[in-house]
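Written below as structure tokens is the structure these notes are about.
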Amino acid sequence: MARRPGRRERIVSAFADFADAVEAALRGAGAARDEAVRAHARAMLELWLRTDGLDAARADEGLAAAFASAELAPVVARVEADHAATFDTWQAGGPAALRAVFDEAAPGAAGDDPDRWIGDAGKDDGTDGVPRLWRIGHASVAGGESFPVGVPLLDDSHLQVVSAPDCRATAEALVEALLVRVLSYFRPGLVAVHVWDVGQFTGSLPGLYPLTSTGLLTVHDPGRLPALLEELSDRIRRVHTRVLVDGHPSLRALAAETDGRRTEPWLVAVLVGNRTALSEDDHRQLQRVARGGLACGISLVLLDVPVTLNAAVETVDMRPPRQVRTSMTGPHVDVRLDRPLPRDKVVAAGIAISRAHEEWRSRVGTFADLLPPPAEWGTGRGERGGTAAGVHAPVGFAEGLRKDLVLADGSPHALIGGPSGTGKTNLLLTMIGSMAARYSPHELEFYLLDFKEGVSFAQFAPGRRDTTWLPHARLVGVNVNTDREFGLALLRFLSDEMRRRADAAKEHEVTKLEELRHRDPHGHWPRIVAVIDEFQYLFAERDDVTRAATQLLEDVARRGRSQGIHLVLASQDVSGIEAFWGRPAIFEQFVLRVALPRARRVLADLNDAALDLPRWHAVLNHESGIKHGNEIVRIPDAAQSTLALLQQRLHDDHAAAFAPPVLFDGARAPRYADLADRLPAAGGGATPRALVGQVIDVAASPATVALPDAPARNIAVLGAGASDALAVLAAATGSLRDQYAPGEVDVVLVPLVVEAVESARRMAARLAGHAVTTVGLDGIRERVETLAADVTARLSGGPRRPVHLVLLGGDAADHVLDRPGTEALRRILHFGPETGVHVLGWWRSVGRLRTLLTLGAAPDDIGAWVALDVQGSELGPLGPGLLQWAPRPGRGLFFDRAQHARPQVVLVPEPEQDQASRSGAAGEVPLSGAAGEVPLPSAPGDVPLSGAAGDVSREDRG
Ligand SMILES: Nc1ncnc2c1ncn2[C@@H]1O[C@H](COP(=O)(O)OP(=O)(O)OP(=O)(O)O)[C@@H](O)[C@H]1O
């Protein structure tokens, strides 16, 4: 019988249903989870792809399975579609546009394939612009067209390259290729490279070593990073203080405003580190260099030197796991670096560049290359305009670039040293030509003195063959080697001019020349450059001249700066010049030092750069001679043909407005006519003045003695030699002619020695129109006694018609005068002048004159004298104390109690017969007429008893 399902079965069945239900529930949950995981994977992949970029994700090996999965393919497809949609437009034109930009920014060796330029030296001088990019590789986006990648460098930016150990060699190759591009682009010399490698004595970049031969590459010792950084800082300082003085912010801006030419080469400093930090000091210094360097042409290339730079810098980051990235292209562009240049080609390029550099250095740089274009000569329209901020003129070349010599507030005066034959004079001529070509004579004046035996500056004054002159030249001194007084005269002039300027500045309430020019635009305030070649002669002796010169030099050196007065002193040997070493106050003002090869003491004590200078080079140092101010420049030959052409042009343009310079020519006696022209106008009751010579001053003033009716107004000329003495007296009597109305004066000519006879005749001829009598030895006593009686009468109120008693060889009269005659002469000397009777006499012996000036007369009766071949010690009783005077031909020591505290040196006028023969009038001087009869002298010993007086005197002069 069938049994009803029992309880147990029911329970089992119920559990089975439960298990089925659970299984169904679990099955459902598993499917949902699988779907969630797949969705998550899809979402994650999309997130990666969109975050890191499709290209990066493809390159990631961990994601290879995902890219292979069919399940995920729609995600990839979707991202690809979006990627393509985003970039397609850019891909269409973006790479091409980048290429175009690059081609423009990186012309020639800056961007071209190396095969097209490697091994050739560059030719570009930067005047047509500087590449803004330098190629390092290429890149593409999303498999699109590739485009070149470059980095900026010169003027624009520094470069920081960061590598990992396994790609360090690639990084070095990148730097090497970059440098080879830069060096091959520009004309050799325009870029110099310095390399410092912390780990290697020889530095990295061995392929570039050939460049060291001409100094284009300098390799620094690993331990001497501070020295390199110091060198770079010095350069920045120098560029700012010397080159960017006109307020230009950078060398690039300066070049843009001038003709585009760079005045300083670029300097690329490559620092190769080992990823460890620099010392704190070096780090700080490097930051300073980075900050100031670009404006001064310094670019840093840092390889694995960890440093943060507060300046424009681009980076190339080569560290894994990423590909190469640059700051130029951003983090999403993988850059493929160019293949390293083959080592042998780099070496060959270095050799070729060095060779071209050497050739360039020996080829370029003539004097003409220093000058601006001829259209600008003397206009001041060139690079720097006027001289408001100083005088800047290139005098030589460094690396083919023109190097300026600067006379301005920072370097007001220059000291030039170099042994004989090293080119001092040439350098001075170069400087003068270069300055004259740049500035207008309204803005710049030269005062040029040469103490050497020679006439180097004579070319700037009108000559017999070349009648042109340099309009800037206001004074030219030649053959002054025996006359230190010329130097003194120049310094005195400068000192006076400084005072005049200071007074004008005070009046306009300003302190500097620049401001004075501004306030007084119609005034004539040129800068003055005073050049003294072989200036040590000026200080050659311990005497009054040296003392006065030292004082004046100190004055001008200290105050000239603000008054626009600049001294340029040149010497073969400055070591012995006490005026300098004993007076640091003077020396310190000579901030600009120029040392020619082997010059001693011109530079600072520890600066021996001049010792191994090659020929025709100079150390130009605008920093008082300290080492870091050294610039080695090559001085061109100041070719006469170019100088002459320049002078001709300047003369043509300016001669109408500028008189010829005053000429100090120590070898030429001043002409009577020139001096007489400058005498004050006579007549109208003016006191007559007797001309006795030429004062040594810049105005070439006549030296005169006033002859008023006052005691002691007699003139004595002292010396045994007849020629100079007679020349002085001839000038003195001749000059009186025009100062009296015809017939207003009596002149008594007394030739007492044979040499004077001819001279007296000429004097008489020149005085034609006046009452002239000539008396010889035989008539002197009587004449003197008559005149003495006349003086007595005058003293008691008799008529006072002017009388000049001209004694030629006064001492020769002693034996004929006897006591009464001598006393009469003393009376004339003592009382004559106040009554209008003046003695103008030549005594061959000071002792004889002194004897005469006793008893009735006194030494003071000679109010003025000119001593010729007489020793200073003999003059004591006549002068103001002990005198230093060593006689020299053509010079006199002139003292006039009425106008001098100390005697002064004068030039004796040209002797009469020279003037006559030069004018072709020799023998034409009328010897008769107004002139009285000349009786033959009769005293034995003084004159021969036979022979014509004229013949004798001509022999004497021959
Ligand atoms: N830069 C130069 N290039 C070529 N020749 C030069 C240069 N400088 C000077 N000379 C030549 O050298 C010679 C001597 O030059 P310079 O007269 O200038 O020397 P210095 O130092 O003034 O000598 P000194 O004091 O003996 O006159 C001259 O014949 C000159 O032409």
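Could you look through segment 211-247, keep only residues that are under 30 Å from D409 (Cβ atoms) and small (G, A, S), and pick out the one that is nearest to the chain's Cα centre (by Cα)?
G247
Please specify each residue of segment 795-818 satisfying the condition of being at positive phi and crowded, with 24+ Cβ neighbours inside 10 Å.
Matches in segment 795-818: G809 only.
Taking the conditions exactly as written (open to solvent by 10 Å² or more (accessible area, probe 1.4 Å) and within 19 Å of the chain's Cα centre (by Cα)), does H654 satisfy them or not?
no
Could you list, in sequence order, all residues of segment 244-264 that are of a type outside the set (D, E) and assigned to a loop (DSSP other than H, G, I, E, B)?
L244, V245, G247, H248, P249, S250, T258, G260, R261, R262, T263
Inspect segment 519-535 for any residue being open to solvent by 30 Å² or more (accessible area, probe 1.4 Å), without any contact (Cβ under 8 Å) to a residue 60 or more places away in the chain, out of contact with any His (no Cβ under 6 Å at 6 or more places or on another chain) and part of a helix (DSSP H, G or I) and give the result as yes or no.
No: zero hits.
Which residue pairs have Cβ atoms under 7 Å apart, sit 6 or more places apart or on different chains, and have a first residue in segment 493-509 that is more than 20 Å from F446 (Cα to Cα) and a second that is assigned to a helix (DSSP H, G or I) and open to solvent by less than 10 Å² (accessible area, probe 1.4 Å)?
As it stands, the answer is A504/L516; A505/L516; H508/L516, since those pairs meet every condition given.
L401 is checked against (1) over 24 Å from P526 (Cβ atoms); (2) modelled with pLDDT under 90; (3) exposed (fewer than 15 other Cβ atoms within 10 Å of the Cβ) and fails just one. What number does that condition carry?
(3)
Yes/no per residue for (1) crowded, with 17+ Cβ neighbours inside 10 Å; (2) hydroxyl-bearing (S, T, Y); (3) at pLDDT 95 or above; (4) more than 13 Å from the ligand (Cβ to nearest atom):
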| position | (1), (2), (3), (4) |
| --- | --- |
| I626 | no, no, no, yes |
| A644 | no, no, no, yes |
| Q647 | yes, no, yes, yes |
| F664 | yes, no, no, yes |
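Please state which of the following conditions A70 fails to meet, knowing it meets all the rest: (1) closer than 24 Å to V335 by Cβ; (2) not in a helix (DSSP H, G or I).
All conditions are met except number (1).
Got a sec? Which of R355, R284, R322 is in the same structural domain as V219 (by TED's automatic domain parsing), closer than 30 Å to R58 by Cβ and surrounded by fewer than 18 Cβ atoms within 10 Å (Cβ to Cβ)?
After applying the criteria, what remains is R322.
Give the residue that is nearest to E443 (Cα to Cα), with candidates limited to residues of segment 545-576 that are among the hydrophobic types (A, V, I, L, M, F, W, C) and within 16 Å of the ligand (Cβ to nearest atom).
Looking at residues that are among the hydrophobic types (A, V, I, L, M, F, W, C) and within 16 Å of the ligand (Cβ to nearest atom), I get V568.
Residue pairs, Cβ under 9 Å, 6 or more apart or interchain, first in segment 413-430 and closer than 14 Å to S575 by Cβ, second near the ligand (Cβ under 8 Å from one of its atoms) and open to solvent by 20 Å² or more (accessible area, probe 1.4 Å). List them.
Short answer, once both residue conditions are applied: G417/Q572; G418/Q572; P419/Q572.
Please specify each residue of segment 459-488 satisfying the condition of being farther than 13 Å from I432 by Cβ, touching a strand residue (DSSP E or B) at 6+ places or on another chain (Cβ under 8 Å), assigned to a helix (DSSP H, G or I) and of a type in the set (A, V, I, L, M, F, W, C).
Correct list: F486 only.
Could you say whether any residue in segment 365-372 is without any contact (Cβ under 8 Å) to a residue 24 or more places away in the chain, more than 22 Å from P597 (Cα to Cα), away from the ligand (no atom under 12 Å from the Cβ) and open to solvent by less than 50 Å² (accessible area, probe 1.4 Å)?
No.
Which number in (1) under 30 Å from V698 (Cβ atoms); (2) in contact with a helix residue (DSSP H, G or I) (Cβ under 9 Å, 6 or more places away or on another chain); (3) within 16 Å of the ligand (Cβ to nearest atom); (4) open to solvent by less than 10 Å² (accessible area, probe 1.4 Å) marks the one condition that M431 misses?
Among (1) under 30 Å from V698 (Cβ atoms); (2) in contact with a helix residue (DSSP H, G or I) (Cβ under 9 Å, 6 or more places away or on another chain); (3) within 16 Å of the ligand (Cβ to nearest atom); (4) open to solvent by less than 10 Å² (accessible area, probe 1.4 Å), the lone unmet condition for M431 is (2).
Among the strands (runs of 3 or more DSSP E) lying completely within segment 91-196, list those that include at least 2 residues that are hydroxyl-bearing (S, T, Y), touching a residue at least 40 places away in the same chain (Cβ under 8 Å) and not assigned by TED's automatic domain parsing to the domain that holds R322.
Output list is empty.
Scan segment 174-221 for residues that are over 18 Å from R361 (Cα atoms) and open to solvent by less than 20 Å² (accessible area, probe 1.4 Å) and report the count.
17
Conditions tested, residue by residue: (1) outside any helix (DSSP H, G or I); (2) open to solvent by 20 Å² or more (accessible area, probe 1.4 Å); (3) in contact (Cβ under 8 Å) with a residue 24 or more places away in the chain.
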position: V748; (1), (2), (3): yes, no, yes
position: V772; (1), (2), (3): yes, no, yes
position: I780; (1), (2), (3): no, no, yes
position: P820; (1), (2), (3): no, yes, yes
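I'd like the residue in segment 434-443 that is in contact with a strand residue (DSSP E or B) (Cβ under 9 Å, 6 or more places away or on another chain) and open to solvent by less than 20 Å² (accessible area, probe 1.4 Å) and, out of all such residues, is farthest from the ligand (Cβ to nearest atom).
Filtering segment 434-443 for residues that are in contact with a strand residue (DSSP E or B) (Cβ under 9 Å, 6 or more places away or on another chain) and open to solvent by less than 20 Å² (accessible area, probe 1.4 Å), the one farthest from the ligand (Cβ to nearest atom) comes out as P441.
Look at P419 and say whether it is within 16 Å of the ligand (Cβ to nearest atom), open to solvent by less than 10 Å² (accessible area, probe 1.4 Å), modelled with pLDDT under 95 and at negative phi.
When the stated conditions are applied, P419 does not pass them.
Run A585 past the list (1) open to solvent by less than 10 Å² (accessible area, probe 1.4 Å); (2) of a type in the set (G, A, S); (3) touching an Asp or Glu at 6+ places or on another chain (Cβ under 7 Å); (4) away from the ligand (no atom under 16 Å from the Cβ) and report the number of the one that doesn't hold.
(1)
Residue-wise test of (1) charged (D, E, K, R); (2) at pLDDT 90 or above; (3) under 18 Å from G810 (Cα atoms).
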| residue | (1), (2), (3) |
| --- | --- |
| R713 | yes, yes, yes |
| G719 | no, yes, yes |
| L726 | no, yes, yes |
| A732 | no, yes, yes |
| D738 | yes, no, no |
| A760 | no, yes, yes |
| M763 | no, yes, yes |
| V784 | no, yes, yes |
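Quick test for you: out of T851, T792, pick the one residue that is open to solvent by 30 Å² or more (accessible area, probe 1.4 Å), assigned by TED's automatic domain parsing to the domain that holds A716 and at pLDDT below 90.
T851
The values are calculated or read from the model by the stated rules, or taken from the named source; none is laboratory data. None of the values given here were measured: they were computed from a predicted structure. Glycine gets a Cβ as well: all are built from the backbone with ideal geometry, and neighbour counts include every protein chain shown. These area figures cover heavy atoms from the full protein model, side chains too; ligands, DNA and RNA do not enter into them. Shrake-Rupley method; radii C 1.70, N 1.55, O 1.52, S 1.80 Å.
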